[in-house]
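Colleague: My structure is below; once you've seen it, I'll send some questions.
The values are calculated or read from the model by the stated rules, or taken from the named source; none is laboratory data. Computed from a prediction, not measured in an experiment: that's the story for all the values here. Every residue, glycine among them, receives a Cβ derived from its backbone with ideal geometry; neighbour counts consider all protein chains shown.
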Amino acid sequence: MKVPYNDLLDQHTPILPQINTAIQSVLSSSQFIGNDGNPFVQKFESAFAAFARAQHCIGCSNGTEAIELVLRALDIGPGDEVIVPAQTWISTAEAVSHAGAQPVFADIDPKTYTLDPADLPKRLTSRTKAIIPVHLYGLPADMDPILAFAQQHSLKIIEDCAQAHGARYKDRPVGTMGEAGTFSFYPGKNLGAIGEAGGIVTQSDELKEILRCLRDHGRSANFNHSREGRNGRLDGIQAAVLGIKLKYLPLWTEQRQSLGAYYREKLGEIDTIFQSTPSDRTHVYHVFSSQFENRDALRAHLSENDIQTGVHYPIALPFLDAYSKFGYDQSDYPFAHAQMSKALSLPLFPNMTREQLDHVVECIARYPNK
Ligand SMILES: Cc1ncc(COP(=O)(O)O)c(C=O)c1O
């Protein structure tokens with residue numbers, strides 16, 4: 001039995017007529033570019049803000065740009081430091097550098113794999129301006145102590161929600177706890193476009209205005225530009241398709257959660273380590289992350305059995321060549337480092353069948369010396 005890591009074709013096939021109609025309507029109106037007047041972008045922004053239980057959504061060109069736009073809108077740049085988790089996709093740190101500031105890594109909690117609030121004091125300097133917690137793999141970071149630390153030291157919080165559409169922390173939706181939440185709509189994400197796309201949510205009217213301006217070259221009225229901005233707009237076709245897919249997101253999330261619970265039950269029986277989910281957090285299972293001592297051998301065995309897996313992430317950020325200039329070693333980030341050789345992401349996607357999932361679990365169970 002073949003088990004792909006993800007299956008976008010399968011996800012899109014039943015809704016293809018609606019997607020085609022949405023694309024057609026953008027084509028016939030020629031509303032391709034997402035400046036403020038684009039009706040497709042506006043419609044999606046209202047729908048996504050409602051979904052995320054946020055006051056505003058600002059569509060933009062991708063999830064990396066979303067972070068950079070928020071940093072710029074908050075006037076964070078040269079001379080400033082921003083704390084990001086050591087374990088995440090490079091975008092979280094890359095956006096900080098692109099805004100002109102310096103990313104400073106904090107270690108992760110060894111059980112939840114999200115930013116460890118207890119590591120924050122060690123990373124704080126007089127130049128620290130913000131923290132970007134990442135709701136990694138779909139699990140919210142431990143926000144209360146992070147927010148308390150931020151308040152104590154007058155730091156801004158930008159939530160990186162790229163992997164966590166609809167996740168909740170103590171019943172608070174991700175993206176609404178700090179200054180802003182940033183989302184990626186990369187095709188493989190829980191809500192994915194058919195190309196590049198991203199979005200920002202915020203409760204602040206003022207920040208919304210700045211972000212709208214920044215994403216569109218700093219444009220203001222009458223052909224003037226109040227500042228230099230970016231070409232960071234969401235395009236009409238992506239917005240229209242995202243609007244269709246958003247209607248299915250609650251169902252797809254339920255499917256992911258039910259598969260995640262089933263994995264937990266079955267892997268628990270064979271004594272496997274997987275991302276721990278405290279009961280006050282709602283996981284949306286963008287990734288089902290587990291750990292195995294002999295990860296590479298097990299991965300090869302699963303591949304021989306037609307099971308695709310992923311590794312998120314083979315090299316934690318402090319150890320990437322891009323950041324070798326900081327000269328970190330393993331003892332600086334013991335938990336993020338320990339993940340590198342053990343982390344294995346198992347297949348999980350909305351229409352995955354129980355048979356496929358049983359096949360994965362059986363292949364893992366059969367394999368000796370995991
Ligand atoms: C945690 C995280 N942050 C940011 C991003 C950036 O999103 P995009 O690929 O849309 O730029 C991603 C996407 O992979 C991500 O996983």
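Colleague: Identify all residues within the stretch 85-123 that are touching a strand residue (DSSP E or B) at 6+ places or on another chain (Cβ under 7 Å), of a type in the set (Val, Ile, Thr) and more than 14 Å from the ligand (Cβ to nearest atom); write none if there are none.
Modeller: Once the filter is applied, which keeps residues that are touching a strand residue (DSSP E or B) at 6+ places or on another chain (Cβ under 7 Å), of a type in the set (Val, Ile, Thr) and more than 14 Å from the ligand (Cβ to nearest atom), the stretch 85-123 yields only Val104.
Colleague: If you don't mind, another one. Does the stretch 332-355 hold any residues that are under 22 Å from Ala297 (Cβ atoms) and in a helix (DSSP H, G or I), and which are they?
Modeller: Selection gives His337, Ala338, Gln339, Met340.
Colleague: If you go through the stretch 118-136 one residue at a time, do you hit one that is touching a Phe, Trp or Tyr at 6+ places or on another chain (Cβ under 9 Å), over 21 Å from Ser345 (Cα atoms) and part of a loop (DSSP other than H, G, I, E, B)?
Modeller: Yes, the stretch 118-136 has at least one match.
Colleague: Please determine, by comparing only the residues of the stretch 160-180 that are more than 10 Å from the chain's Cα centre (by Cα) and within 13 Å of the ligand (Cβ to nearest atom), which one is surrounded by the fewest Cβ atoms within 10 Å (Cβ to Cβ).
Modeller: Step by step, filter the stretch 160-180, then rank; the result is Ala167.
Colleague: Determine which member of the set Leu251, Leu267, Leu259 is away from the ligand (no atom under 16 Å from the Cβ), closer than 30 Å to Leu357 by Cα and touching a Leu at 6+ places or on another chain (Cβ under 6 Å).
Modeller: Sole residue among the options that is away from the ligand (no atom under 16 Å from the Cβ), closer than 30 Å to Leu357 by Cα and touching a Leu at 6+ places or on another chain (Cβ under 6 Å): Leu259.
Colleague: Is the stretch 147-165 home to any residue that is in contact (Cβ under 8 Å) with a residue 24 or more places away in the chain, closer than 30 Å to Thr272 by Cβ, part of a loop (DSSP other than H, G, I, E, B) and among the charged types (D, E, K, R)?
Modeller: For the stretch 147-165, residues in contact (Cβ under 8 Å) with a residue 24 or more places away in the chain, closer than 30 Å to Thr272 by Cβ, part of a loop (DSSP other than H, G, I, E, B) and among the charged types (D, E, K, R): absent.
Colleague: Condition test on Ser46, is it away from the ligand (no atom under 16 Å from the Cβ), among the hydroxyl-bearing types (Ser, Thr, Tyr) and surrounded by fewer than 24 Cβ atoms within 10 Å (Cβ to Cβ)?
Modeller: Taking the combined requirement at face value, the residue satisfies it.
Colleague: Could you grab me the full set of residues in the stretch 197-213 that are touching a residue at least 40 places away in the same chain (Cβ under 8 Å), in contact with a strand residue (DSSP E or B) (Cβ under 9 Å, 6 or more places away or on another chain) and not basic (Lys, Arg)?
Modeller: Within the stretch 197-213, Ala197, Gly198, Gly199, Ile200, Val201, Thr202, Gln203, Ser204, Asp205, Leu207, Leu211 qualify.
Results for (1) aliphatic (A, V, I, L, M); (2) within 25 Å of Pro334 (Cβ to Cβ); (3) at pLDDT below 95, shown as yes or no for each residue.
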| position | (1), (2), (3) |
| --- | --- |
| Ala101 | yes, no, no |
| Asp119 | no, yes, no |
| Ala130 | yes, yes, no |
| Lys170 | no, no, no |
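Colleague: Among Leu267, Leu242, which is among the aliphatic types (A, V, I, L, M) and at pLDDT below 95?
Modeller: From the options Leu267, Leu242, the qualifying one is Leu267.
Colleague: Here's another thing I want to ask about it. Name the residue, out of Tyr313, Tyr323, that is over 22 Å from Gly268 (Cα atoms) and part of a loop (DSSP other than H, G, I, E, B).
Modeller: Step by step, each of Tyr313, Tyr323 is checked, and only Tyr313 is over 22 Å from Gly268 (Cα atoms) and part of a loop (DSSP other than H, G, I, E, B).
Colleague: Of all the residues that make up the stretch 85-95, how many are crowded, with 21+ Cβ neighbours inside 10 Å and either closer than 20 Å to Val311 by Cα or not aliphatic (A, V, I, L, M) (or both)?
Modeller: Final tally of qualifying residues: 7.
Colleague: Please verify whether Arg212 is within 15 Å of the ligand (Cβ to nearest atom) and within 22 Å of Thr92 (Cα to Cα), treating the condition exactly as stated.
Modeller: Considered against the rule, which asks whether it is within 15 Å of the ligand (Cβ to nearest atom) and within 22 Å of Thr92 (Cα to Cα), Arg212 comes out as no.
Colleague: Write out, first by first residue and then by second, each pair whose Cβ atoms fall under 9 Å of each other, whose residues are 6+ apart or on separate chains, and whose first residue, in the stretch 318-342, is at pLDDT below 95 and surrounded by 13 or more Cβ atoms within 10 Å (Cβ to Cβ) while the second is part of a loop (DSSP other than H, G, I, E, B) and of a type in the set (Val, Ile, Thr).
Modeller: Listed by first residue and then by second, the contacts come to nothing, as the list is empty.
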